[in-house]
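K.L.:
Just dropping this structure here.
The values are calculated or read from the model by the stated rules, or taken from the named source; none is laboratory data. A quick note: this is a predicted structure, and the numbers were derived from the prediction, not measured. Here the Cβ positions follow ideal geometry from the backbone for every residue, glycine too, while neighbour counts run over all protein chains shown.
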Amino acid sequence: MPVASIAGLAVLALLVAAPFGLPVFAMTLLNELVILGLFAMSLDLMVGYTRLVSFGHAAAYGIGAYASGYILLHTELPLPFAVALAAAITGIIAIGVGWLCTMATGVSFSMLTLAFAQLCYAIAFKWTSVTGGSDGLAGIPRRAGPFGIEALTTKTGFYYFALACLVGAFLLCRALVASPFGAVLRGIRENEPKAVALGYNTRAYKIAVVAIAYALGGLAGALYAPFAGFANTELLFWLLSGQVLIMVIIGGSGTLVGPILGATFFMTLEHQLSSYTEAWALFFGLVFIAFVLFAPQGIWGLATEWLSRGKAPAKEVRHG
């Protein structure tokens, strides 16, 4: 079994065992980390595999959070169904977003995604009867699961639910990028005119990947609403879009695992720096610049490079 797979299983085992050894505060941070890891991984499908750089991915997170919060507040749907429905709603909306944004390429595409996110922010701010305006939606419950399963109402039960969503989304994304669909996405990333010349409708593929990425980002937002108990306009703000893009770049784009590591690094460093200084963003900016200049492959790229170096001597001894 590859070393990376063994390490992944070990990390998963630790995450499963975490509620039995971590205090309540640490579990709260870990739960948020799992949700942010899912959010960052969703963006990697666009940025890392298709080279569709989005400056407005917070729209997916915010729409998912508001949809989940509204459903849980105004219906009797069990929590898993409400979360799944919110993710589906986000993905359906994203089809229109993808159709519009893919009319442009490069920086123009990025700016259109930013414009859509800011439009959603303005709508959430003004549509008080549905979104609560600047106050947002408060008191979002963690409703029981189907058949009256009460475990999801507890912090530990909800953590396992969020972890299951992350693992399931990762397996789905891994299967997706390993499929012929994923091969076309990589072809678009490397040389879109060549993909067009081979007969592929590249715009249709880009719309599809935008919809999938937004649906998974909406899933993360749909989990965050009952986790935090509220949804507000900050979840749609451009600053969150920038932060998740940083997570993808620092972790290693085009890897799926990297963005999850990037989210872990971002959240841990933010927590540590903010406990010492209010200017934590300044120091984090310096760290980000260092990664871009000296380690553009990201944390996962550095880790795999280090592992490959460790294997090299052993191979040389065998051949000798």
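K.L.:
Among the residues of the range 216-240, which ones are among the small types (Gly, Ala, Ser), under 14 Å from TYR61 (Cβ atoms) and surrounded by fewer than 24 Cβ atoms within 10 Å (Cβ to Cβ)?
P.N.:
Result: ALA228, single match.
K.L.:
Given THR50, THR90, which one is touching a residue at least 40 places away in the same chain (Cβ under 8 Å), under 26 Å from GLU190 (Cβ atoms) and within 18 Å of the chain's Cα centre (by Cα)? Outline the logic, then answer.
P.N.:
Values: THR90 fails: under 26 Å from GLU190 (Cβ atoms).
None of the others qualify; the one that does is THR50.
K.L.:
Report yes if some residue within the range 170-184 is among the charged types (D, E, K, R), surrounded by 21 or more Cβ atoms within 10 Å (Cβ to Cβ) and part of a helix (DSSP H, G or I); otherwise report no.
P.N.:
From the range 170-184, those among the charged types (D, E, K, R) are 174; that's our starting set.
Imposing the further condition that a residue be surrounded by 21 or more Cβ atoms within 10 Å (Cβ to Cβ) reduces the set to none.
Within the range 170-184 (the criterion being among the charged types (D, E, K, R), surrounded by 21 or more Cβ atoms within 10 Å (Cβ to Cβ) and part of a helix (DSSP H, G or I)), the answer is no, since none of the residues qualifies.
K.L.:
Can you name every residue in the range 208-246 that is at pLDDT 95 or above, among the aromatic types (Phe, Trp, Tyr) and over 18 Å from LEU30 (Cα atoms)?
P.N.:
TYR214
K.L.:
Restrict the check to the range 61-77 and report whether at least one residue is within 20 Å of the chain's Cα centre (by Cα), of a type in the set (Phe, Trp, Tyr) and either in a helix (DSSP H, G or I) or at pLDDT below 95 (or both). Please lay out each step first, then the result.
P.N.:
Our first condition is that a residue be within 20 Å of the chain's Cα centre (by Cα); within the range 61-77, this holds for 61-69.
From the residues that got through so far, the ones that are of a type in the set (Phe, Trp, Tyr) too are 61, 66.
From what is left, the residues that are either in a helix (DSSP H, G or I) or at pLDDT below 95 (or both) are 61, 66.
Yes, the range 61-77 has at least one match.
K.L.:
On to the next question. Pairs please, first residue from the range 111-122 and closer than 12 Å to LEU239 by Cβ, second anywhere and hydroxyl-bearing (Ser, Thr, Tyr) and part of a helix (DSSP H, G or I), Cβ atoms under 8 Å, 6+ apart in sequence or on different chains.
P.N.:
Note: pairs meeting the criteria are LEU114/SER241; ALA117/SER241; TYR121/THR233.
K.L.:
Considering the range 11-23 alone, what residues qualify as being surrounded by 10 or more Cβ atoms within 10 Å (Cβ to Cβ) and either assigned to a helix (DSSP H, G or I) or small (Gly, Ala, Ser) (or both)?
P.N.:
Once the filter is applied, which keeps residues that are surrounded by 10 or more Cβ atoms within 10 Å (Cβ to Cβ) and either assigned to a helix (DSSP H, G or I) or small (Gly, Ala, Ser) (or both), the range 11-23 yields VAL11, LEU12, ALA13, LEU14, LEU15, VAL16, ALA17, ALA18, PRO19.
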